[in-house]
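Just below is one structure, and these are the notes that go with it.
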Amino acid sequence: MTFEWIAWLGNLIKLFGDLIPQRKLIPPTHRGIKYKKMKHIVVLDAGCYWYWPWFTEIHTLCIAQQTLWLEEQDVTTSDGHVVKVRGTVTFKIRDTVEAVTTAGVHTWDILDQIDDEAMAVYCAYIGENTFDHARVDRSHTNAQLTDLVRERLDEYGVEVVRAQMTSFASGLPLLHLGG
C-alpha cells in the first residue's frame, strides 16, 4: 500500500499555511532580503516584519564582522619551496543596499565566494614571492595580503578588516604526511 495521500495532505496543509501572514525577526547583526512576488528585491533593516508566504520570501544575511578560516593549501614559492599555507580573513558585509544585494542576491553563497577568492589571492601571493620573503617579515606579508584580499572582495560588497597567514610550513615529512 502506498502513502502518496500523506504527501498530498502535507502539500494541502502547506498551501493553507502559506495563506496565513508570517512574522520574521531580523536581528541588528543581520539584514533581510525580501523577494516580493520573486521579482522585486527589498533590503530590510533590523526589526520585525510581517509577510504573506504565498507572495513573499525573506532571507537573512549576516553583516556583522566575522572570521573565516581558509582551507589549507600546498603552494610552491617563486624559489621552488613547497609550503603548506593556512590563513584567515576577517570581514563584514558593508551596510548599504547595494552591498547587501550583491552579497546576498547576486552571489550564491557569499562565504564560499570569500573562501575561494581569498585562497586564490594567498596562492598567487605566495607563488610570486620567495620563501624567505613570506617567512621572515610576517607582519608585512599579512598587510600585503590584507590589501590584496580587500581589493579582490570589494566587488562583492565585502569589507575586509584583516587577512593573515596562520601557518606557513615547509619540510618533506610535513608535506607528504600532512599537517
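Here, each number is a calculation from the coordinates, and none is a lab measurement. These figures come from a predicted structure and were not determined experimentally. A quick note on method: Cβ atoms are made from the backbone with ideal geometry, for glycine too, and the neighbour counts reach across all protein chains shown.
Structure data summary
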quantity	calculated
Using alpha-carbon coordinates, inclination of helix 138-153 to the longest axis of the chain, degrees	40
Degrees separating the helix 110-128 axis from the principal Cα axis of the chain, which is the longest one	10
Fewest-first ranking of LYS84, LYS39, using other Cβ atoms within 10 Å as the exposure measure	LYS39, LYS84
Most fluctuating residue given options GLN113, GLN22, GLN66, as computed from a GNM of the chain linking Cα atoms under 10 Å	GLN22
Full-extension gain in nm, LEU68 to ASP45, via 0.36 nm per residue minus C-alpha separation	5.9 nm
Under 13 Å, Cβ to Cβ, from GLN65 - net charge with Lys/Arg +1 and Asp/Glu -1	+1
Nitroxide proxy distance, nm - points 7 Å out along Cα→Cβ at ARG23 and ALA124	4.8
Cα-centre dipole for the chain with unit charges at Cβ (Lys and Arg positive, Asp and Glu negative), debye to 20	860
Electrostatic dipole magnitude of the stretch 88-179 [Cβ: Lys, Arg +1; Asp, Glu -1; Cα centre; debye, to 20]	380
When the convex hull of its Cα atoms is projected in every direction, mean area for the stretch 4-62 (nm²)	4.7
Percentage relative contact order, the stretch 25-179, counting C-alpha pairs under 8 Å, at least six apart	24
LYS14 versus ALA143: modelled label distance in nm, points set 7 Å from Cα along the beta carbon direction	5.5
Choice from LEU15, LEU68, LEU148 with maximal GNM fluctuation in the chain (Cα, 10 Å cutoff)	LEU15
Neighbour-count order for VAL75, VAL149, fewest beta carbons within 10 angstrom listed first	VAL75, VAL149
Largest-first principal axis extents of the Cα set of the chain (Å)	66, 49, 23
Cβ-based charge dipole, the stretch 66-177, positive-most Cα from VAL149, ALA118, THR88	THR88
Förster-model FRET efficiency, 45 Å R0, TYR35 and ASP79, C-beta, rounded to 0.05	0.30
Computed lengthening from VAL97 to ASP132, 0.36 nm per intervening residue step minus Cα-Cα distance	8.3 nm
Farthest toward positive dipole pole in the chain [+1 Lys/Arg, -1 Asp/Glu at C-beta], among LEU25, VAL160, GLY171	LEU25
Cα-centred dipole magnitude for the stretch 4-62, charges only on beta-carbon of K, R (+1) and D, E (-1), debye, nearest 20	240
